[in-house]
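S.K.: First the structure, which I've put down as structure tokens, then a few questions once you've had a look.
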Amino acid sequence: MKRVFLAGVALMALTGAAAAADLPLAPAPYYKAPYAAPYYNWTGFYLGVNGGGGFGTSAWDSTSSFNLIGALAGGTIGYNYQYGRAVIGAEGDIDWSGMKGSTTAGCATGCQTSDSWLSTVRARLGYAADRFLPYVTGGAAFGDISASRPGFVGSSTTNAGWTVGAGIEFAIAGNWTAKAEYLYVDLGNFNCGLGCGTTAVNHVSFSDNILRGGFNYRF
């Protein structure tokens, strides 16, 4: 009787093992990969607005150097091309300028230098850290420099010079970006002549440090 019982148990075990072998394998668990947002691409044209302020210096042949200060505001146009993480581009802007300053040192009645507009045409080189773009920039600068002195007619001219600087731009929402930058601008000098003094030659120099921010819309 005992042998019959053991044989029955063995037969049931073999039957269960065979049935288990015929069952389909359970599918492996499925894990959904996390969403990875694409990197921001800076390639394309853009238009924008900018504004800020500046502080600089001017000097006449007949005076010592004196300070300039004022606000700026205007528009921007540019193009970027991204290759890997490098972003190269060109940017131009034109701003109304309220930069001016005066001195009575060597000019008892007061000598004043001012700039009514400022424009730059620059190359930009940046490093794309996704939605952040730190960059360096440099190129040509143009501005309308005026020199005046009470009792004289004064003089003004459009001068060409150079500019260098750096900044950071970042994507904020949709096609909009925001930027902050610093530019050093040197517009050289011009001869104010008899319009500003008693001598035939009176050179007036102009240089400026600009701090400004802006918003661009990318197409």
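S.K.: Taking H as built 1.01 Å from N, whose amide H comes closer than 5 Å to the amide H of Trp117, not counting residues under 5 places away?
M.R.: Counting only residues 5 or more places away or on other chains, the set is Ser97, Asp144.
S.K.: Mind listing the phi-derived Karplus ³J(HN,Hα) values for segment 122-139, rounded to whole Hz, using 6.51, -1.76 and 1.60 with θ = phi - 60°, and x for any glycine or proline?
M.R.: Using θ = phi - 60°, the values come out as 9, 8, 10, 10, x, 10, 7, 9, 6, 8, 10, 9, x, 8, 10, 8, x, x Hz.
S.K.: Tell me, what is the percent relative contact order of segment 44-218, built from C-alpha pairs under 8 Å that lie six or more residues apart?
M.R.: Numbers: 534 pairs, mean separation 39.7, N = 175.
Taking the mean separation of contacting Cα pairs over the length of segment 44-218, I get 23 percent.
S.K.: Neighbour counts of other C-beta atoms within 10 Å: give me Glu169, Glu181 arranged from fewest to most. Spell out each step's value before the answer.
M.R.: Values: Glu169 25, Glu181 20.
Ranking Glu169, Glu181 by Cβ neighbours within 10 Å, fewest first, gives Glu181, Glu169.
S.K.: Which of the three applies to segment 44-218, rounded, prolate or oblate, going by the alpha-carbon gyration tensor with a ≥ b ≥ c and a/c under 1.5 meaning rounded? Walk me through the numbers on the way to the answer.
M.R.: Working: a/c = 3.03, a/b = 2.76, b/c = 1.10.
Verdict is prolate for segment 44-218.
S.K.: Applying 1/(1 + (r/R0)^6) with R0 = 45 Å to the Cβ-Cβ distance of Arg85 and Thr199, what FRET efficiency is obtained, to the nearest 0.05?
M.R.: Numbers: r = 56 Å, r/R0 = 1.24.
Working from the Cβ atoms, E equals 0.20.
S.K.: Taking a point 7 angstrom from the Cα of Trp96 along the C-beta vector, which residues in segment 140-158 have backbone N less than 17 Å away?
M.R.: So the set is 144.
S.K.: Working out 0.36 nm times the residue gap between Ala129 and Phe219, then minus their Cα-Cα distance, what length gain in nm do you get to one decimal? Intermediate results must be reported in sequence, preceding the final value.
M.R.: Numbers: separation 90, 0.36 × 90 = 32.40 nm, distance 2.01 nm.
Stretched fully, the Ala129-Phe219 segment lengthens by 30.4 nm.
S.K.: Output ³J(HN,Hα) for segment 79-84: one whole-Hz value per residue in order, computed from phi by the Karplus curve 6.51 cos²θ - 1.76 cosθ + 1.60 with θ = phi - 60°, and x for Gly and Pro.
M.R.: Per-residue couplings from phi come out as 8, 10, 10, 9, 10, x Hz.
Taken together, the values in this text are just the output of simple stated rules run on the coordinates, not laboratory data. None of the values given here were measured: they were computed from a predicted structure. Here the Cβ is made from the backbone with ideal geometry for all residues, glycine too, and neighbour counts use every protein chain on show.
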